[in-house]
1. Per residue, what volume in Å³ does the convex hull of the Cα atoms of the range A:79-157 enclose?
2. For the pair A and B, how large is the buried accessible area, both sides, in square angstrom to the nearest 100, if the probe is 1.4 Å?
3. Which of A:Val117, A:Met36, A:His102 sits farthest toward the positive end of the charge dipole of the range A:27-178, with +1 on the Cβ of Lys and Arg and -1 on the Cβ of Asp and Glu?
4. Using each residue's phi in the range B:37-50, evaluate 6.51 cos²θ - 1.76 cosθ + 1.60 at θ = phi - 60° and report the 3J(HN,Hα) Karplus result to the nearest Hz, with x for Gly and Pro.
5. Can you work out the accessible area per residue across the protein assembly as shown, with the rest of the protein chains kept in place, probe 1.4 Å, in square angstrom?
6. When the helices in chain B are scored as -39500 (n - 2.57) per DSSP H run of 4 or longer and the sum is shared across all residues, what 222 nm value do you end up with, to the nearest 500 deg cm²/dmol?
7. Provide the per-residue ³J(HN,Hα) series for the range B:250-257, in order, calculated from phi with Karplus coefficients 6.51, -1.76, 1.60 and θ = phi - 60°, each as a whole number of Hz, with x at glycine and proline positions.
8. Decide, for the range B:199-276, between rounded, prolate and oblate: order the square roots of the alpha carbon gyration tensor eigenvalues as a ≥ b ≥ c, take rounded if a/c falls under 1.5, and otherwise choose prolate if a/b is larger than b/c, else oblate.
Amino acid sequence: MTRRFKIPLLFGLFLLITSLTIVSQTDPAKASRMKMQGMYLYQFAKNVYWPSEYNTGDFLIGIYGSKDLFNVLNNTFKDKVTGSQKIVFDFYESTSEIADCHLLFVSKEETSVITKVKKVLDQKTLLVTELTDISNSTSSMINLLYVNSRLKYQLNKSEAEKNNFKIGQTLTKLAYSTI
Amino acid sequence: MSFFKKILSTVLIFGVFSNIFSQSTYCPEKMLLLQKYKSKEYENARGYIDTVLSQCPDQIQDAYFWHVCGFINLDVFKYVENKEAGSPTKAKAADCFIKSINLDIEKKYFDLNNKLIDYVSTFYYNDAVKILQKFDTKNQENALSYYNSFKKLKEISNPDYDFREKEVDFNFGIGMLYKMRYEKDKTNNKSLLDSCINYLNKSLEIDSDQYSANYNLGIMYHNLGVDIIMEELDIDADLEMVILMQEQAVNYFSKSLPFLKKVYQMKPQETSIVQGIAAVYYSLNDMEKHVEYMNILKELESNSGE
């Protein structure tokens, strides 16, 4: 027989192609994680009702402790609105920088300073904290946490109601737990 | 002169005599056909096939006639059509050899017919592989058709042939073509993804240790999870949809892990696998495991830099 099978060449080519397409797997994983966190914050902005006196001007979301999340929010959720308010984002590196925001997100790396953070917040701010674990539940109004690989949230309704925030029904219904 | 040519010369000489002295009716058209073929007028010879059949109907039952018809078609395919992949002539050649085998009670041409069927089958196989090698997604259906023709003929020429190795390779190759087509337009080609996964799984059903299929499924499932969140999840989606799509993404992340773990066992020094596993653990929020594999990755990278 003069003709020979050609298949052995196949794998080399496919391996070359596939190896070129999987450079830095962690970056997209990180980006998707940040987007999910951003999606939840956006849902909180849309499904929590602030007292009417805070419904004018821009809707400011402050991020404390996660520059990556801030960058994703600033790119992905740019020009989004809640009600009639345009959503804007700000990043804080220290508690002293925390300004007059509607919603403040504190990343899990910074939960140790929650008490300090709470001192500088005014009535207007809905505090959202990322938890490493539900047992570390904070006195924030909403806690974001991972349960079985899924990002979920815990509502602290009594804490939210102290500041006259009204939590929407959908948000309440779909919460992982409510305190 | 090739192996087949040498044999054919003998067969032709034998055929001329057998035709003259056989009990079957003398068929001048058949003599002309043989003459044309001997003088390498392949197209003309082919043209005489139908004439012989209409003028000498007893040839329909003649194993030798079909054997020669096979040669004629095969040479048209080789020398006139320049072995064109889509040519139906090689199929005709194979059909003639098969007919010859079926009529050849004395098995005079059996071995040669079998070798020639095998020879034709190889063209089909190589044409199928060429499509895969060129990532010629437009001709994917042809690759399948060629491969099936290869199998059909090979089963005739070599009934005990073990297709396992080729099935593994071919299913993997087709799966990768589906993957490429899907990646060209992820939104509109979603159905191709299922086909891709099916073919890669078919490959693994035959050989569960096949590295490339395991590796690609592992990476693909993770990327699918990421794509759901990054590309399919609309930022204005309602909360129910966010939760639902996260669920789908996590399912994909979970599916990815066993495949990547398997290839990690095969190639523990391969950084792209370690990087993939670290990414999957990150996506599954298993930070302890993520850090463990990131440390392995760092170690591998520092060792390779030494």
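1. Dividing the Cα hull volume of the range A:79-157 by its residues yields 121 Å³.
2. 4900 Å²
3. Most positive-ward Cα: A:Met36.
4. Residue by residue, the range B:37-50 yields 5, 4, 8, 6, 8, 5, 4, 4, 4, 4, x, 7, 4, 5 Hz.
5. Per residue, the protein assembly as shown has an accessible area of 47 Å².
6. Computed ellipticity for chain B at 222 nm equals -25000 deg cm²/dmol.
7. 3J(HN,Hα) across the range B:250-257, in whole Hz: 4, 4, 5, 4, 5, 5, 5, 4.
8. Cα axes put the range B:199-276 in the prolate bin.
The values are calculated or read from the model by the stated rules, or taken from the named source; none is laboratory data. Computed from a predicted structure; not experimentally measured. In this analysis, Cβ positions are derived from the backbone assuming ideal geometry, glycine residues included, and neighbour counts consider all displayed protein chains. Protein only, heavy atoms only, side chains kept; ligands, DNA and RNA dropped before computing areas. Shrake-Rupley method; radii C 1.70, N 1.55, O 1.52, S 1.80 Å.
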